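Enquirer: One structure follows; several queries about it will come next.
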Amino acid sequence: MSDRSRVLVLLATVAAASAVAVLSLLRMLIPTFFSTLPVSLLGRLGSGVEFAVALSGALGAVVVAVVALATRRSADRRVRVRGVRVVALLVAALLAATTPGGVIPAAGYAFMLAVLIGVTAFVTLTVLRRPWLGLVLAAVLVGLGAYAVLHLEAAVLLPKIVVSFGSVLPLASIALAHVIAAAGLVVWAITAAATPGAFARGVRRHRVAITVVAAACALPYAVARASWLTPWPLLGGGAEVLAAEPAMRLTGLLLGLAMLTGGVLTLGLILPWGERFPRFLAGIGGRAVPVGLAVIPATMVSVLFTAAGIEFAIEGVGPATGETLLLLATFPFWLWGPLLGLSTWGYVMHRRAVDVVETPRQLEAAGVA
């Protein structure tokens with residue numbers, strides 16, 4: 001990850017953390033200000049604790065980011081980084097733990113729309129580079145879209161989803177500020193050059209296994225939603241309910257597709273196309289994937305899944321029963337989040353090692369060395 005990208009990440013961290021600090025201070029001084037926001041993980045200890053910790057974490061994030069910016073070119077940077085990284089991760093944990101609860105559904109619908117846009121862009125780039133393959137994919141996409149419009153009320157559903165985001169915009173914006181500030185610190189911590197310790201070496205050594213398990217977290221939910229195509233649907237009511245509500249069936253299938261896409265993207269942290277774009281994509285095919293393009297979104301999702309996943313498990317799960325265990329297995333954000341963070345860290349270390357090997361070869365091929 002380039003120095004310029006790290007600087008931009010740290011600046012975004014300062015901006016987001018400043019917003020969290022202002023909001024937390026206002027909520028401390030004016031009890032009725034955004035009083036309807038769902039409580040965070042730490043909010044269960046009392047609103048005073050939540051606001052104080054959020055304010056402390058936000059101010060700490062600003063200080064860490066400013067220190068990281070000020071020392072990024074210093075001679076003893078490697079020595080400084082190790083201590084600052086620990087503080088950065090602790091501050092990121094405070095910001096994540098004070099993220100408003102109940103954001104998983106909003107995040108799921110937002111990612112669902114992003115997947116639809118991404119699939120369209122993917123097919124378009126394929127058509128431009130490999131017309132025959134692209135046209136086949138486009139025909140499949142158009143056919144599925146036509147079926148969804150004619151039989152699953154897609155023309156009515158998607159506008160409703162977009163409009164409904166207006167009602168959750170305050171919650172989503174505040175949660176996003178927490179996530180950006182926390183993720184920015186984590187991104188800086190895992191991409192800053194430092195001598196790897198035993199734990200870091202273990203993460204790199206086992207990154208493939210960690211990533212596979214992380215990606216597999218998408219399967220239970222995706223399978224449950226795929227069962228809505230059968231007479232024996234899991235989750236959300238029986239076959240009669242889905243038959244009477246075509247839009248509900250489409251919503252479940254699209255959310256399942258989004259979850260499955262998340263699992264596939266997680267595998268990109270260990271597969272070749274996670275380092276170089278597939279050659280059949282016009283414009284970018286064959287080019288190296290910028291480290292930040294993979295690391296920044298993955299870290300943001302990791303922070304969100306970890307905080308919101310634990311909050312979801314505590315809020316939505318009761319005593320340990322078979323039904324509780326099934327719920328935790330179907331919505332394993334509490335596990336996916338931490339594993340995705342480790343997978344992303346392993347990806348960073350792998351790309352750094354590859355760059356160290358490739359750079360001398362490139363210089364030699366160019367006649368510089």
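The values are calculated or read from the model by the stated rules, or taken from the named source; none is laboratory data. Because the structure is predicted, anything quoted here is derived from the model rather than measured. Positions of Cβ are backbone-derived with ideal geometry, glycine not excepted, and every protein chain shown enters the neighbour counts. The accessibility values were calculated without ligands, DNA or RNA, using every heavy atom of the protein model including side chains. Shrake-Rupley method; radii C 1.70, N 1.55, O 1.52, S 1.80 Å.
Enquirer: Give the residue that is nearest to VAL264 (Cα to Cα), with candidates limited to residues of region 286-323 that are of a type in the set (Gly, Ala, Ser), at pLDDT below 90 and open to solvent by 20 Å² or more (accessible area, probe 1.4 Å).
Expert: ALA313
Enquirer: Which residue pairs have Cβ atoms closer than 6 Å, lie 6 or more positions apart in sequence or on different chains, and pair a first residue in region 206-230 that is small (Gly, Ala, Ser) with a second residue that is open to solvent by 50 Å² or more (accessible area, probe 1.4 Å) and not in a helix (DSSP H, G or I)?
Expert: Note: pairs meeting the criteria are ALA224/LEU234; ALA224/LEU235; SER227/LEU234.
Enquirer: Cβ-Cβ under 6 Å, sequence separation 6+ or interchain: first residue in region 308-321 and under 17 Å from LEU335 (Cβ atoms), partner at pLDDT below 80. Which pairs?
Expert: Listed pairs, sorted by first residue: VAL317/THR324.
Enquirer: Out of all the residues in region 141-155, which are open to solvent by 80 Å² or more (accessible area, probe 1.4 Å), closer than 16 Å to LEU254 by Cβ and either among the β-branched types (Val, Ile, Thr) or touching a residue at least 60 places away in the same chain (Cβ under 8 Å) (or both)?
Expert: HIS151, GLU153
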